[in-house]
Amino acid sequence: MIEVSNLTKKYGDHTALDSVSFKVEKGHIYGLLGPNGAGKSTTMNILTGYIAPSEGSVIINGFDMGLKPHKAKACIGYLPEIPPLYPDMNVYEYLYFASSIKKVPASKRKDEVARVMALTNIDTVQKRLIKNLSKGFKQRVGIAQALLGEPEIIILDEPTVGLDPEQIIEIRSLISNLKEKHTVILSSHILSEISAVCDEVLMIAKGKVVALDTTDNILKMSKKSQKLELLLKGTQEQVEEVFAKLSLIESYTFIEEADGRCKFEIIAVESKEDIREELSFALFDAKILILEMRSTLASLEDIYLEILQSCVDEKDEISENDDEISVEEMSSDSSDFESENDNPVDEKEEA
Ligand code: ADP
Ligand code: MG
């Protein structure tokens, strides 16, 4: 339904997107995940035809965004990073106006505005001026605007940024409900957000796609996925003797020993076999009792950092003296680059 091939976007000398390709299938919620400055907004602005790529193509439902922009754009509702709201209009007037821009037939506009207001739960504020709304309500008006005309694809750029926890929960449940009728792509630099709402994750870092998979599969990608914590009845020496004979242990760390019990942490070798089986039988044979065994699955957070780190490593291999960026910087929470990003108008394509 969306096919993106070799998208590259350069701002002067700066390459914001570097040969990005991916496909989006119907009926899922995709999370575009990446640290600030990764290229999320640039990707979304190109997908929606707001800006043109330097190279590459975007095909939406068979329509090439470069060649058939009207048809391609008609399939998409977009909430940009800075919602295109008119502060001096009231909610109803604004949505009515937006529906005319989206070419909803005049006879259907009233019903369509009522429909999106009901979906986003903003009926009660329809007479209020947009400038007097809370951030949460403004965001809902922005989403309502994206839903006008029932486009198949809804694209939301960091829809919960700046909201308080209660508003975040409301917006997330609103987004989850969109899945029934729409394919949704939302961006975020916050992992918990993506794992809470999305079933597919597209991870980007420094303008490149570094992972595209289901949230579940991405969780399995981690090297840390077979980590075990053990509390055993026995001495360090006895236990280490058993560990030495096991083929599925890649490494272990002795944590502590007290009162005839000891604690270990084990990393298993990459294998389909469950190390817990081999381990329990071997310990049983040596008459060592397992008091506790905890398997610590890696979190999406671990994997995010692992992947970001591996991007840095790869880059360092290529050019050692290039500007080094640490994982901390890459995943930092500052959003102060926004000011650089607010004049995409010069790139705006004729509609
Ligand atoms: P994200 O949304 O992931 O935070 P962006 O797509 O906004 O990232 O930005 C990607 C990179 O491109 C950043 O380094 C940003 O500073 C740069 N950039 C974005 N928009 C512009 C612009 N209009 N002019 C120059 N550089 C830009
Ligand atoms: Mg952005």
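Here are the numbers for the structure shown:
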| item | result |
| --- | --- |
| Given (1) in contact with a helix residue (DSSP H, G or I) (Cβ under 7 Å, 6 or more places away or on another chain); (2) more than 30 Å from V20 (Cβ to Cβ); (3) surrounded by fewer than 18 Cβ atoms within 10 Å (Cβ to Cβ), index of the condition C262 fails | (3) |
| Matching option when the condition is of a type in the set (S, T, N, Q) and touching a Lys or Arg at 6+ places or on another chain (Cβ under 9 Å), among S57, S100, S21, S41 | S100 |
| Extreme residue, nearest to L202 (Cα to Cα), among residues of the range 265-285 that are open to solvent by 50 Å² or more (accessible area, probe 1.4 Å) and modelled with pLDDT of 90 or more | E265 |
| G66 vs. criteria open to solvent by 20 Å² or more (accessible area, probe 1.4 Å), modelled with pLDDT under 95 and more than 16 Å from ligand 2 (Cβ to nearest atom) | yes |
| Lone qualifier among I190, I185 - being closer than 22 Å to I218 by Cβ, at pLDDT below 90 and within 14 Å of ligand 1 (Cβ to nearest atom) | I190 |
| Wholly within the range 1-41, strands (runs of 3 or more DSSP E) carrying at least 2 residues that are in contact with a Cys (Cβ under 9 Å, 6 or more places away or on another chain) and either open to solvent by less than 60 Å² (accessible area, probe 1.4 Å) or of a type outside the set (F, W, Y) (or both) | 29-33 |
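The values are calculated or read from the model by the stated rules, or taken from the named source; none is laboratory data. Computed from a predicted structure; not experimentally measured. Glycine gets a Cβ as well: all are built from the backbone with ideal geometry, and neighbour counts include every protein chain shown. When the accessible area is computed, the model is the full protein with side chains, heavy atoms only, and any ligands, DNA or RNA have been set aside. Shrake-Rupley method; radii C 1.70, N 1.55, O 1.52, S 1.80 Å.
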